[in-house]
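Input: a single structure, listed below in structure tokens.
The values are calculated or read from the model by the stated rules, or taken from the named source; none is laboratory data. Just so you know, these numbers come straight off a predicted model, no measurement behind them. Note that we place each Cβ from the backbone using ideal geometry, even for glycine, and neighbour counts take in every protein chain shown. Please note that ligands, DNA and RNA were not included when accessible areas were found on the heavy atoms of the full protein model with its side chains. Shrake-Rupley method; radii C 1.70, N 1.55, O 1.52, S 1.80 Å.
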Amino acid sequence: MEILKNLKYSKTHEWVRVEEGIAYVGITDFAQHALGDIVYVELPEVDSEIAKGDEISNIESVKAASPIFSPVSGTIVKVNEDLEDDAELINHKPYDAYIFAVELSNPEEIEELMDADQYEEFCETEGSH
Amino acid sequence: MHPYIPHTSEEVKSMLSDIGVSSIDELFADIPESIKLKRHLNIHDPMSEFEVYKELKSLSEKNKTAVSFLGAGCYDHIIPVAVQHIISRSEFYTSYTPYQAEISQGTLQSIFEFQSLICELTGLDVSNASLYDGHTAASEASVMALNSVKKSDTILISEYLHPFTKQVLKTYFLGLDIFVVEVKGKDGKIDIDDLKSKISENVAGLIVQTPNFLGILEDLSEISKILKENKKVLIVSANPLSLSIFKNSKEWNADIAIGDLQPFGIPQYFGGPSAGYIAAKEDYLRKMPGRIVGQTIDKEGKRGFVLTLQAREQHIKRERATSNICSNQALMALASTVYISIMGKSGLKEIAKRSISASHYFESELTKIKAGKILHDQPYFNEFTFVFNKDAKSVLSELKKQGIFGGILLEPILGEKYKNAVLIATTEKRTKEEIDQYVKIVGGIL
Amino acid sequence: MTKLLSEISKNQRVGYILPKTDIPQLSIESIYHKNILAESDRQIPELSEVDVIRHFTELSKKNFGVDLGFYPLGSCTMKYNPKINEETAKFDGFLNIHPLQDESTIQGILELQYKLLKSLSEITGMKWGTLQPFAGAHGEFVGMKLFKAYFNAKGEKRTKLLVPDSAHGTNPASAHIAGFEVVEIKSDENGLVSIDEVKKHVGSDLAGLMLTNPNTLGLFEKNIIEIAKIVHDAGGLLYYDGANFNAILGKVRPGDMNFDVVHLNLHKTFSTPHGGGGPGSGPIMVNEKLIPFLPVPDIVFENNSYMLSYNKPQSIGRVSGFYGNIAVMVRAYTYILTMGQKGLNEVSEKAVLNANYLRVKLSKLIKIAYDTICKHEFVLTGKEIKEKYGVSTLDIAKRMLDYGVHPPTIYFPLIVPEALMIEPTETESKETLDYFVSIIESIIKDINENPEILHNAPNNTPIKRLDEVKAAKEPKLKW
């Protein structure tokens, strides 16, 4: 399982990369693995206002469906339209395939997320039961 | 020993010993004594097949059949014998939901064909393996609409929607903050002005039935335009038999089509089992309830069919699912598929035309003898609402005496406005002789 | 590969001839304005009767049903479907009656429903019920609406509904769509509902608990009385999911376990066929407290005649267009008459005997999730096999197809990894069970010696393993 050092992570297995005040959000390698072959991603609407913890998207594989919770608050400024035709990009390159990007309204929220080491530990305890 | 339970006492003994217990009772030892049933169920003794046959036969004979002009969503159509023949094949009826695709291609392909036929008839893009009936289909379609229109909490329904559909909807949303609001009718059709006045931000969409409960065919052009302008969902409920002759959901630019398949090869059976159909524009695919079958290929590249898009369903989404449907009416959907196949393109059209000719002949004959008049002077399909000059209840009871179920008395269902109004249905099965006889009896008591 | 109906269609072929008619035939265009007429012909296949019969007969040969062999699909109770049921269900007096006929002309079908409700009341230990729900999930939904109506009448706002993590997926889904907030209760180390977990959620917002007993692991919830007391003391109600009722028929009744609302699956316990996915029937049975809220119409017997009664001011209303799946009720009633008290009692005994026999034999071959006496079904876990040999439960199931049996339910309940949920039912003989054991033995041998055979399975079916990812990614849902 791959965990990138420079990203932040949520307990619901989303990753966050912040570039110039914009947070890019996707799901982790751990999450894509648990889901299996991803066949569909429901993309949120650009310009919608979201709060941390909101369920804003859904990912479907053949045998599972998983909600995506936003790890941050703000306004959605971009969605990854490549996923409309190629949802499996998330399986192939989970950390490249962001799902949506958020202009942060509360940048401090980033600090509340886990770093790579904490997330690795979190996954180990999650997987052990 | 019992014909359906094959264990000999020797086998029971050896099985118990393999399990490592000494009696069957021990296998129930985990049930606390305090709640165990310590007596026999108060049910009669077992009966032989021969006795059961006689008992059920005599029960069935306590029901009476007659020349029937009853409709309201359940009709006395001809059913080709091939339909019963196919659905009686136990490879079909003793199987369950096709979880194991490799040994369920029969069910899967027939559902795929069913979906295709429903899409063809309604003109829409996607359908499913069936719903319980046309009435519950309205609830499922409403949920799709509510989930598609942001911040909506209201479903509009036409006054002339089947009253039982309305009641089922009301129960469905009981105790939820969802509102079902009726759009008034005018002369047997939706009142456009009332519709306009009721469209608001909270409205998800409108359910309209055509032919409606009174048998009248609605022109949805204006209604459809109003809904589209306001970005609302148009749900059209239709007798599938009407779709070969009249505009379908695609031609009305509706989003979701629903209805009941009973007219297509399903016996009346006191109202059930029938099957509901639902179809929608492609945008609604992931909001569709129920099982959906898709085409794919096997390892060797051969065409095959599987249950697909299951991530929508209750067994995966659990408390996040928007529909809880699991078992549907698959065998009845198969009956309809066989029926449509047997009747074919020209057959379906011909049956609809004959029903129309019969209803129009009937209405004109009744009018001719001045038995009363049609309630609303509007185009109708295989059913019309006729207001008798005389007490309609006594008219129907006289007809019944002479072996005719003359129609459905509307006042008890729809209220005082419908005094002496009777909903009369005709199908291709009704002959001129039967209609003439009806008219003659009515003439005799005027 | 069987061609599609659209592929065998030939212009102008007909499959049926309508009777002659003397009614003057009108032209459509003369009656209706073209505004409402179809803009084009519907492309419906044109076939001869021979085409149609050959087509569907060929398809039927690609289907597996109970009549063809062992079908141990857990929680589905795929027992034998008696043939007498099919005959009685076809009597003209049932088949050709209209739901809105005058009551004097439908006394037989009302009597049948009334007596069926009476029998089911006795069998479940409940007071009365409704036969209207079309399926188990529909019954659950109706049950949840009864909860709502009951609390409304008491002026209470209770929102929280407890559902064990081992529950059928329909339970949380039904509770949710009926407007409850679902709280998942974790099972304890014995696979049972934990009393402590239930206690945690007790409060004035507790609406109740949905429970299957025996549960989906095939284990009897022996603390049921205590659980019921906790929920009732908190003012909540108990719902019994009757999917697994076959296990306890005549032994213990939901009413005696203090459940308030019960659904049964006539297509499981009462032998009616599953029809490739339906129609089923999911009657709801209730105790005294819930009777006022039952759907309309009710069936009553007064002055020597049976009637449909709408006189129920507190009713939740109508739940199905007419009265439910009547043909399924006729079959179930036929079954109850056939079996009688003695036969019904034997059903649960032999169902449990068969399950335990298989449990003991199979747990030597594949690890069992909870190794204790089970009721009608039990659950194996393929976790170790998957880890050790890379063979998944799906592979094992697919290999069973090569041996001519239907695989068990797989990957359910969700709390058991790589689950195989096996329910043999009472109608299977010892030889069938032994044959199934021998199949698993061969499969285990293959896993050890030649796991490839499992990855490639099935090999003997009309079609090989299908690409489900493709189906979901590029949905092709019609021809």
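Yes or no, residue by residue, for (1) assigned by TED's automatic domain parsing to the domain that holds C:K383; (2) of a type in the set (K, R); (3) modelled with pLDDT of 95 or more; (4) within 23 Å of the chain's Cα centre (by Cα):
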{"position": "C:P408", "(1), (2), (3), (4)": "yes, no, yes, yes"}
{"position": "C:I415", "(1), (2), (3), (4)": "yes, no, no, yes"}
{"position": "C:E431", "(1), (2), (3), (4)": "yes, no, yes, no"}
{"position": "C:F436", "(1), (2), (3), (4)": "yes, no, yes, no"}
Going through the stretch B:55-88 one residue at a time, which ones are facing chain C (nearest Cβ under 7 Å), under 22 Å from C:P82 (Cα atoms) and surrounded by 19 or more Cβ atoms within 10 Å (Cβ to Cβ)?
B:L56, B:L59, B:S60, B:I86
Would you say B:E411 is more than 9 Å from chain C (Cβ to nearest Cβ), closer than 28 Å to C:N311 by Cα and either in contact with a Pro (Cβ under 8 Å, 6 or more places away or on another chain) or open to solvent by 60 Å² or more (accessible area, probe 1.4 Å) (or both)?
yes
With in contact (Cβ under 8 Å) with a residue 60 or more places away in the chain, β-branched (V, I, T) and more than 21 Å from B:N382 (Cβ to Cβ) as the only criterion, which of C:I8, C:I84, C:I53 stands out?
C:I84
Determine which single condition B:Q295 fails, assuming it passes every other condition in (1) in contact with a helix residue (DSSP H, G or I) (Cβ under 6 Å, 6 or more places away or on another chain); (2) at the interface with another protein chain (Cβ under 8 Å from one of its Cβ atoms).
(1)
Options C:G139, C:G129, C:G143, C:G155: the member that is more than 30 Å from B:E61 (Cβ to Cβ), buried (at least 22 other Cβ atoms within 10 Å of the Cβ) and away from every other protein chain (no Cβ under 11 Å):
C:G143
Does C:Y80 satisfy the criteria of being within 7 Å of chain B (Cβ to nearest Cβ), of a type in the set (F, W, Y) and surrounded by fewer than 24 Cβ atoms within 10 Å (Cβ to Cβ)?
yes
Does A:V79 satisfy being touching a residue at least 40 places away in the same chain (Cβ under 8 Å), surrounded by 14 or more Cβ atoms within 10 Å (Cβ to Cβ) and more than 27 Å from B:H315 (Cα to Cα)?
no
Counting only residues in the stretch C:109-128 that are among the hydroxyl-bearing types (S, T, Y) and touching a strand residue (DSSP E or B) at 6+ places or on another chain (Cβ under 8 Å), the one farthest from C:Y306 (Cα to Cα) is identified as C:T124
Please verify whether the stretch C:355-374 includes one or more residues that are part of a loop (DSSP other than H, G, I, E, B), without any contact (Cβ under 8 Å) to a residue 40 or more places away in the chain and either touching a Pro at 6+ places or on another chain (Cβ under 8 Å) or among the β-branched types (V, I, T) (or both).
yes
Could you please find all residues in the stretch C:447-468 being open to solvent by 30 Å² or more (accessible area, probe 1.4 Å) and either outside any loop (DSSP other than H, G, I, E, B) or basic (K, R) (or both)?
C:N448, C:E449, C:E452, C:I453, C:H455, C:N456, C:K464, C:R465, C:E468
With the structure loaded, tell me whether C:A369 is surrounded by fewer than 24 Cβ atoms within 10 Å (Cβ to Cβ) and either among the aliphatic types (A, V, I, L, M) or farther than 23 Å from C:H98 by Cβ (or both) or whether it fails that test.
yes
Might you let me know whether the stretch C:18-27 holds any residue that is touching a His at 6+ places or on another chain (Cβ under 8 Å), at the interface with chain B (Cβ under 7 Å from one of its Cβ atoms) and either surrounded by 13 or more Cβ atoms within 10 Å (Cβ to Cβ) or at pLDDT 95 or above (or both)?
yes
Among (1) of a type outside the set (A, V, I, L, M); (2) in contact with a helix residue (DSSP H, G or I) (Cβ under 8 Å, 6 or more places away or on another chain); (3) within 14 Å of chain B (Cβ to nearest Cβ), which single condition is C:E181 missing?
(2)
Going by the conditions given, is C:E377 buried (at least 19 other Cβ atoms within 10 Å of the Cβ), under 30 Å from C:D446 (Cβ atoms), among the charged types (D, E, K, R) and away from chain B (no Cβ under 11 Å)?
yes
With the structure loaded, tell me whether C:N223 is surrounded by 23 or more Cβ atoms within 10 Å (Cβ to Cβ), more than 30 Å from B:D45 (Cα to Cα), out of contact with any Ser or Thr (no Cβ under 7 Å at 6 or more places or on another chain) and within 12 Å of another protein chain (Cβ to nearest Cβ) or whether it fails that test.
no
Starting from residues that are within 7 Å of another protein chain (Cβ to nearest Cβ) and in a helix (DSSP H, G or I), keep the ones in the stretch B:104-116 and report whichever is surrounded by the fewest Cβ atoms within 10 Å (Cβ to Cβ).
B:S116
Name the single residue, out of those in the stretch B:277-314 being assigned to a helix (DSSP H, G or I) and over 17 Å from B:L131 (Cα atoms), that is modelled with the lowest pLDDT.
B:A311
For the stretch C:28-58, how many residues are open to solvent by less than 50 Å² (accessible area, probe 1.4 Å) and small (G, A, S)?
2
Apart from one, (1) in a helix (DSSP H, G or I); (2) more than 7 Å from every other protein chain (Cβ to nearest Cβ); (3) open to solvent by less than 40 Å² (accessible area, probe 1.4 Å) all hold for B:D25; the odd one out is (3)
Among (1) of a type in the set (A, V, I, L, M, F, W, C); (2) more than 7 Å from every other protein chain (Cβ to nearest Cβ); (3) under 28 Å from B:H315 (Cβ atoms), there is one condition C:L59 misses while meeting the rest; what is its number?
(2)
One residue from B:F50, B:F69 being among the aromatic types (F, W, Y) and touching a residue at least 12 places away in the same chain (Cβ under 8 Å)
B:F69
Got a number for residues in the stretch C:308-335 being under 30 Å from C:E431 (Cα atoms) and either assigned to a loop (DSSP other than H, G, I, E, B) or facing another protein chain (nearest Cβ under 7 Å) (or both)?
1
